[in-house]
Structures are given as C-alpha cells and as structure tokens.
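Remarks on the structure that follows.
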Amino acid sequence: MSNRFPPLYGAKDFHPATREYFADKTVAVTGGTGFIGSHVVEQLLALGARCIAPSRSGPGFLADAGEKIEFRPCDLESLEQTRAALQGASVVLNLAAAVAGLQYNAEHAASIFDANIRMFLNVIRAARENGAERFLVTSSACVYPRFCSLPTPEDEGSRGEPEPTNSGYGWAKRMEEFLGAQYAKEYGLPVAIARPYNAYGPRDNFDQGRSHVIPALIRKAFETTTGQFEVWGDGSHSR
C-alpha cells in the first residue's frame, strides 16, 4: 500500500499572517520524513516555505516530494552533524522523537529517555548557534501525571511525576520543555511548546510491538475473527 496521501491543507486554509510569515522562509523539520513531520512539511510547502528535512534513513514518506525539499543526511545524536543539517534554517521545528506504544515504553524507559534527551540537546543547541529566529519544542501529553484533572489544565504538566508506564518519555519531554524555557530566558531564543495528544492518521505505525493505542486498536479490530479483541485495561480508562 502506498504511503503517499494528498496534503490535508492548501495555502488558502491558513491565516494570512501565517502565509506571510512562512512564505520563502527556510524551515528545518527534524523528524520531517516521519508520520507527523511529513504532514507538517507538506503544509509548509503549501505556505511557500523552503524545507530542510534532516534524516538518517532517507526521505521516508516524502519520497515523492522531489526537489521541493532539501534532504540532509544527519544523525541527531551527533552535534556536528546536527549543526550542519540545520545550517541556514530561520525556523527549527523539532518533531524528532524516540517513542513507541505503551508496552514498549514501559519496558524501555531508560533507553527512550536517553535517546530523546541526546537528540534534543543537540537540536536546540545547534539551532541557537546557527542563529535560528524561532524554535518549536514538540512535547507530549505524557508529561502529565496519572491522576490529572479532566479536562487537564496546562500547569499540571509540571506537577507530580509523569504517568509511570510512559515515565521515560514523559520525563524526557518535561526536560525538553524546561530547557526550551531556559534557552528563551538565557539566550533570548523565541521558543514555543506544543503538547500533542494521541496523534493518529495516515502514515501511522501499525506495528504490533510499537504502535500507539488508536492504531493498535484499529489493527486488532481488522484482524479479529471472533468480533472480540483484547484492549489495555477494562475499557473505563480516560485521559
């Protein structure tokens, strides 16, 4: 099955100020060849931006984009490679992450924390040293504690401890938010923070061992032969 889908937005779907800001802007999107990042890159192209996609595994979901995107070979765990890959970018959107589904995250908290922190430290440092004018920290709902309020206010993202089954990822994202705020305070780098919740859609990961809850349930529903399948918990859980 092809992973190519038509872009979800055209330039007319964006606010005029957004179109004006990104027109001819050079934007680097780490993680830009993956599930969420590839959609972000397509929207940036619709806005008239020039996109840089650092990647150590090729163009991924953007293989059909041709010359519209500059793919730069890069291992984000190398500061030297990251600095070179982000050179010339006015805006850096950090969407690169090491994460999987609930069971994998629970069993690999140390390696997930380590990988995310290593990448983030290099990306934000390289962005600052290269003179980027704006930086996006892509955080996660995993920063919130298990027994957070519903609906959940933003300030609970720094209370207590992150939900235990995603502790490695949750703590990494809390530290990314902290460092982003401190870079803004100490260096004057304009930083924005986003906390996505349970993202899913075209190009998602349906691997049984690494997928998130929604694609995992979709796959189980398609593969069941009895009309019933096992889910995490008893069905009463909510975020």
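The values are calculated or read from the model by the stated rules, or taken from the named source; none is laboratory data. Note that the structure is a prediction, hence the values are computed from the model and not measured. Methodologically, a virtual Cβ is constructed for each residue, glycine included, from the backbone with ideal geometry; neighbour enumeration extends over all protein chains shown.
Across the range 125-144, the qualifying residues are those that are under 19 Å from residue 189 (Cβ atoms) and either modelled with pLDDT under 95 or in contact with a helix residue (DSSP H, G or I) (Cβ under 6 Å, 6 or more places away or on another chain) (or both), and the one among them that is surrounded by the most Cβ atoms within 10 Å (Cβ to Cβ) is 126. Selection of the range 145-163 for residues being surrounded by fewer than 18 Cβ atoms within 10 Å (Cβ to Cβ), without any contact (Cβ under 8 Å) to a residue 40 or more places away in the chain and under 19 Å from the mean Cα position of the chain (by Cα) yields an empty set. Set side by side, the residues 76, 93 differ, and just one is crowded, with 21+ Cβ neighbours inside 10 Å, within 21 Å of residue 212 (Cβ to Cβ) and within 18 Å of the chain's Cα centre (by Cα), which is 93. Picking from residues in the range 164-179 that are small (Gly, Ala, Ser) and more than 15 Å from the chain's Cα centre (by Cα), the one that is surrounded by the fewest Cβ atoms within 10 Å (Cβ to Cβ) is 167. Restrict the check to the range 112-121 and report whether at least one residue is of a type in the set (Gly, Ala, Ser), at pLDDT 95 or above and under 21 Å from residue 199 (Cα atoms). Yes.
Note on the range 185-215: among residues that are of a type in the set (D, E, K, R) and assigned to a loop (DSSP other than H, G, I, E, B), the one that is farthest from the chain's Cα centre (by Cα) is 207. Taking first residues from the range 106-118 that are more than 15 Å from residue 175 (Cα to Cα) and partners that are at pLDDT below 95 and part of a helix (DSSP H, G or I), the Cβ contacts under 6 Å between residues at least 6 apart in sequence or on separate chains come to 106/165.
Quick check on residue 199: is it closer than 19 Å to residue 104 by Cα and either surrounded by fewer than 12 Cβ atoms within 10 Å (Cβ to Cβ) or modelled with pLDDT of 95 or more (or both)? No; evaluated as a whole, the condition is false for this residue. Taken over the range 70-107, residues that are under 20 Å from residue 180 (Cβ atoms) and outside any loop (DSSP other than H, G, I, E, B) amount to 8.
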